[in-house]
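Structure, as structure tokens:
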Amino acid sequence: MGLIFAGQKAEHYEIATYGGLVQLAKTMNRDDVAQLLSETLKEEKMADEKLTQIAEQTANRQASMEPSEK
Ligand SMILES: [Fe+2]
């Protein structure tokens, strides 16, 4: 789980960075650059969602392996 969380931290950092760069490109009237950066931003968001799915699956698997408290 720690590795997944570390991966998500990196993705969140990238999402914030690319989001800012998209806005900067738009401000500079560089829609061509903004379009490319938006594609990368979308990829980073998809990676974050994938890591969330993996975290949920891992947590559920670990919970199912825990002995019951009875
Ligand atoms: Fe990434």
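Within segment 50-70, residues that are under 11 Å from Met1 (Cα atoms) reach partners that are part of a helix (DSSP H, G or I) and of a type in the set (A, V, I, L, M) with beta carbons closer than 7 Å, at six or more positions or on different chains, in the pairs Leu51/Ile4; Ile54/Ile4; Ala55/Ile4; Thr58/Ile4.
Listed here are the residues, each with its yes/no results for (1) modelled with pLDDT of 95 or more; (2) within 15 Å of the ligand (Cβ to nearest atom).
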residue: Thr17; (1), (2): yes, yes
residue: Ala25; (1), (2): yes, no
residue: Asp31; (1), (2): yes, no
residue: Leu41; (1), (2): yes, yes
residue: Thr52; (1), (2): yes, yes
residue: Arg61; (1), (2): no, no
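Pairs meeting the criteria (first residue in segment 1-24 and over 11 Å from Thr52 (Cα atoms), second residue away from the ligand (no atom under 13 Å from the Cβ), beta carbons under 6 Å, at least 6 apart or on different chains) are Tyr18/Leu37; Leu21/Leu37; Val22/Ala34; Val22/Leu37; Val22/Ser38. Scanning segment 18-49 for residues that are part of a helix (DSSP H, G or I) and polar (S, T, N, Q), we see that the one that is nearest to Met1 (Cα to Cα) is Thr40. Scanning segment 50-70 for residues that are basic (Lys, Arg) and assigned to a helix (DSSP H, G or I) yields a count of 2. Residues considered: Glu39, Glu11. Of these, the only one that is loosely packed, with under 13 Cβ neighbours inside 10 Å and acidic (Asp, Glu) is Glu39.
The values are calculated or read from the model by the stated rules, or taken from the named source; none is laboratory data. Not measured: the values here are computed from a predicted model. Note that we place each Cβ from the backbone using ideal geometry, even for glycine, and neighbour counts take in every protein chain shown.
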